[in-house]
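Quick notes on the structure that follows.
Just so it is clear, none of the values below were taken in a lab; they were calculated from the coordinates. This one's a predicted model, so the numbers in the text were calculated from it and none came from an experiment. Note: ideal-geometry Cβ built from the backbone for every residue, glycine included; neighbour counts use all protein chains shown.
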Ligand code: 5AD
């Protein structure tokens, strides 16, 4: 009983077969042990701290056509918008007043957001809020683009690898996209000095335990600072409209495993996790998560950043309701902090 979770806690790794058995295990005791160890490890590295990130969704235009995603190019009834520079800066100003010290600029791959435009926004944020971290999540770009944006003041970059198994990657993406390029981008970002986030969806269509193991092994090689994991949730306007959603149990299982394999990683309790269950975020926090990312986008565009059906954008997902989110975090036994919240390896470096 509890052998796999205990061994993973002790050694930080498991052979493939044992990892696979743990991923598939429905043994209640084993799963409870995983939660307990995950919480112990997160407290060892981060205490009870939960870092807040203000999420600014800057564009719902995307030139890609990922089969699972509600803002894919081919989704003709998607509502498209983009924020201009003043609107982005205004979101950050609002967020700063609320106490956020990280801004995440996230968007589809929208060619209107050129390097010049992005560098302008980033340097303005950097000048106005030198005590804040700027995180980007804008998909695949050129090495030169990543380099220029880093130079302009960006600190971190989120780019989920989505699937490290080439077979699964090609079932989730159109032929013009490649796992090879995705990985190349992640290594460039690392090399350029970004704190890097990878990740994938739990319960994506066609995903097997072996695919998940490929994801974990890839991340052991990449050593990302952040890992974004949320359940797959179908979107009605995509080819995956009729596919089954990922479960709460599988998502929590993976969060626990990831906390034990990557003890000091920054691990958000994602919006998708909060969307599949009212207790999702709280359970995520209790299973190793140490980041939450409330939405700072202007209220009138929030519903348009429609990645999957019923995506939460109000209540404690909304930055205005930060106090109720902070209460929720306290009630779960943790403490929301107004800090930049860099990766443990980067803290106290005086940047
Ligand atoms: N369900 C859950 N997550 C999704 N994402 C995109 N579409 C979905 C969906 N249907 C995630 C992807 C992507 C991020 C922007 O959102 O992992 O990296």
Quiz prompt | the stretch 5-36 versus the stretch 41-114: alpha-carbon centroid distance in Å | solution = 33
Quiz item: Separation of the stretch 288-351 and the stretch 208-263 by C-alpha centroid, Å?
Solution: 20
Exercise. List 206, 232, 200 from most exposed to least, where exposure is judged by having the fewest other Cβ atoms within 10 Å.
Key: 206, 232, 200
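Is the C-alpha gyration tensor of the stretch 25-102 telling us rounded, prolate or oblate? Criteria: a/c under 1.5 is rounded; beyond that, a/b larger than b/c is prolate, otherwise oblate.
Oblate, because a/c is 1.5 or more while a/b does not exceed b/c.
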Practice problem: Taking the Cβ of each residue in 68, 45 as the centre, tally the other Cβ atoms inside 10 Å and list the residues starting with the fewest. | Solution: 45, 68
Self-check item: Point-to-point label distance, residue 347-residue 85, nm (Cα→Cβ direction, 7 Å offset)
Solution: 3.6
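Under the classification rounded if a/c is under 1.5, otherwise prolate if a/b is larger than b/c and oblate if not, where does the chain fall, given a ≥ b ≥ c as square roots of the Cα gyration tensor eigenvalues? Intermediate results must be reported in sequence, preceding the final value.
Working: a/c = 1.44, a/b = 1.23, b/c = 1.17.
Verdict is rounded for the chain.
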Quiz prompt | Relative contact order for the chain, counting Cα pairs under 8 Å that sit 6 or more residues apart, in percent | solution = 24
Quiz item: Share of antiparallel DSSP beta bridges in the chain, in percent to the nearest 5?
Solution: 5
Exercise. Give me 61, 100 ranked fewest to most by other Cβ atoms within 10 Å of their Cβ, as a rough exposure proxy.
Key: 61, 100
Self-check item: Cα gyration tensor shape for the stretch 162-272, rounded if a/c is under 1.5, else prolate or oblate
Solution: oblate
